[in-house]
Amino acid sequence: MIKKFKLALTIVTLMSGVTACDIRDINDDSSTPKKFAAEVIDGNSFNEFAVRLHLPDGNGFVIQRKNADQVELQTAATGDYLDQNVSAGVSYKYAFGAIQGKKFTTQGEISVDVPKDFLVKETTTIQKEDLPYWNHIRDLTILPGQILVTNGFDLNLHVRHLNAQSGSIQTFLNGTTAAAGTAGRSAGEFHLVVDSGEGSLAIIMRGENGGPGALGATGIPFHGGGPGGIGADGGDSGTLHLRVPTGLKVEAFHSPGKGGLGGEGGRGGYAGNCRPSRADQVDDECPMPEPMGAQGPSGISGRLGQTCEVLSGESEESCSSGQVYSL
């Protein structure tokens with residue numbers, strides 16, 4: 001007979017990467033919590049992982065594994081259960097319970113984030129939908145001269161081991177410019193936490209350049225063209241937060257986005273009896289048109305951000321104005 005539980009549920013994630021879940025039968029005052037736990041097991045190969053589920057001794061449970069609320073796995077287990085069919089960079093939810101009739105009754109759930117390994121062998125831009133994965137990186141390798149681009153997203157990048165072979169992390173590539181009339185994006189808030197690492201890494205907090213101003217209006221007959229629009233402002237260089245080991249050499253730079261160029265002045269109006277179809281001809285009927293309008297003013301460059309670092313032996317961040325990147 002399967003006993004029904006009313007549950008008091010506590011979920012806590014430990015620094016070791018083990019996620020634990022206490023379940024207590026609140027109908028029985030003498031009962032002690034039944035400890036469920038899950039931990040990610042590292043494999044030896046690139047992006048090889050497994051998840052070990054620790055179940056209370058002597059208790060059999062039905063386990064369901066969910067990804068985006070879709071049941072991918074259902075099995076019965078007693079004691080420990082090793083799930084070797086997991087994908088790197090994916091979050092799973094494991095539910096523990098029993099089958100009553102055709103219905104699964106949940107007695108507890110544990111969420112597990114499987115980390116991933118990443119090799120930057122060419123310029124790679126982080127996409128918005130992938131942001132959660134970058135908070136759980138086991139090994140990150142950046143090959144010489146290669147660039148990881150954050151795209152200006154607010155990013156928490158936690159890496160267990162970083163092998164930086166003179167590569168770089170940049171918020172935007174040099175010369176990235178917003179669309180016409182659009183302000184440049186900020187470099188954002190970038191947190192980099194590295195547990196161990198070696199090599200040399202450059203970080204460039206670069207704001208996006210502002211877009212150009214609009215083209216001035218074409219003048220009416222016998223009048224000059226209108227002035228160009230104002231260029232859009234450049235993006236700020238954002239804030240960098242660093243916590244890296246002494247074996248990894250990191251140079252951090254800031255480069256606010258440039259203000260966009262002012263728009264070109266509009267074409268001067270037609271003169272004389274010129275018809276628009278003959279506007280490119282110059283003769284007695286179509287003399288030179290009126291002068292073009294003035295070019296618009298440029299936008300304002302973005303603001304210089306900060307670099308904040310937790311120094312060796314310290315627990316608090318120390319912040320200073322960013323070092324300007326001159327290239």
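No lab work stands behind these numbers, since they all come straight from the coordinates. Because the structure is predicted, anything quoted here is derived from the model rather than measured. Because the Cβ atoms are built from the backbone with ideal geometry, glycine has one as well, and the counts that use them run over all protein chains shown.
Annotations
- Shown is the FRET efficiency for VAL71 and ASN174, computed with R0 = 51 Å from the Cβ-Cβ distance and rounded to the nearest 0.05: 0.60.
- For GLY226, the shell of other residues with beta-carbons less than 14 Å away shows a net charge of -1, using +1 for Lys and Arg and -1 for Asp and Glu.
- Taking amide H as placed 1.01 Å from N in the peptide plane, the amide H of VAL149 sits under 5 Å from that of THR124, THR125, ILE126, GLN170, each at least 5 places away or on another chain.
- Under 12 Å, Cβ to Cβ, from SER298 - net charge with Lys/Arg +1 and Asp/Glu -1: 0
- Integer Hz, Karplus 6.51/-1.76/1.60 couplings in order for region 162-169, x for Gly and Pro: 10, 10, 9, 9, 6, x, 8, 10
- Linear extension gain, THR125 paired with THR182, 0.36 nm per residue minus alpha-carbon span: 18.4 nm
- Listing SER318, SER255, SER166 from fewest to most neighbouring C-beta atoms within 10 Å gives SER318, SER166, SER255.
- Packing, as the average of other Cβ atoms within 10 Å across residues, places the peptides 63-73, 296-306 in the order 296-306, 63-73, highest first.
- Distance in nm between pseudo-label sites at ASN44 and SER196 (7 Å out along the Cβ direction from Cα): 1.8 nm
- Shape of region 96-187, Cα gyration tensor, a/c cut at 1.5: oblate
- 3J(HN,Hα) from dihedral phi, region 119-126, Karplus parametrisation 6.51/-1.76/1.60, rounded to Hz, x for glycine, proline: 10, 8, 10, 7, 4, 10, 9, 6
- In this structure, the amide hydrogen of GLY184, modeled 1.01 Å from its nitrogen in the peptide plane, lies closer than 5 angstrom to those of GLY210, GLY211, ASP233, GLY234, GLY235, counting only residues at least 5 positions away or on a different chain.
- Which listed pairs, of LYS66/LYS116; LYS35/LYS102; LYS66/LYS102; LYS66/LYS103; LYS35/LYS66, have C-alpha distances above 22 Å, in listed order: LYS35/LYS102
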